[in-house]
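What follows is one structure encoded as structure tokens, with my remarks underneath.
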Amino acid sequence: MILRTLYLRLIRDYPCVRFVEAVTEYLEGTMPTAERTRFDLHLKRCASCQIYLEQFRETIERSGRITVADVESLPEQARNELLEAFRDFHTPR
Ligand SMILES: [Zn+2]
């Protein structure tokens with residue numbers, strides 16, 4: 001299926017772990033345009049990262065700024081979903 005192929009390529013080129021690392025840059029607006037395009041594309045396709053970004057945003061709105069403690073206090077569930085998605089795509093078969 002074409003859509004599935006595209007999806008798998010997208011995840012390989014821009015995996016969830018990269019997304020999570022780049023969230024701060026994205027929200028601060030310091031991300032280069034080329035990466036932003038790939039970030040947005042990943043976001044559109046990946047439900048786990050949508051949840052992650054949403055919760056990250058809420059944390060920032062609550063605190064007014066991003067701190068290490070904020071990142072660490074992100075809900076476990078979102079993190080676990082991400083880790084699981086990541087594991088699925090990268091487990092050798
Ligand atoms: Zn993702």
**Asked** Given 0.36 nm per residue, what is the gain on full extension from Arg18 to Asp40 after removing their alpha carbon distance, in nm?
**Response** 6.7 nm
**Message:** Using the basic label-point model (7 angstrom from Cα toward the beta carbon), what is the Arg4 to Thr30 distance in nanometres?
**Reply:** 4.1 nm
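Here, each number is a calculation from the coordinates, and none is a lab measurement. Bear in mind that the values here come from a model prediction, so they are computed numbers and not experimental data. Neighbour counts are summed over all protein chains in view; Cβ atoms, including those assigned to glycine, are modelled from backbone coordinates with ideal geometry.
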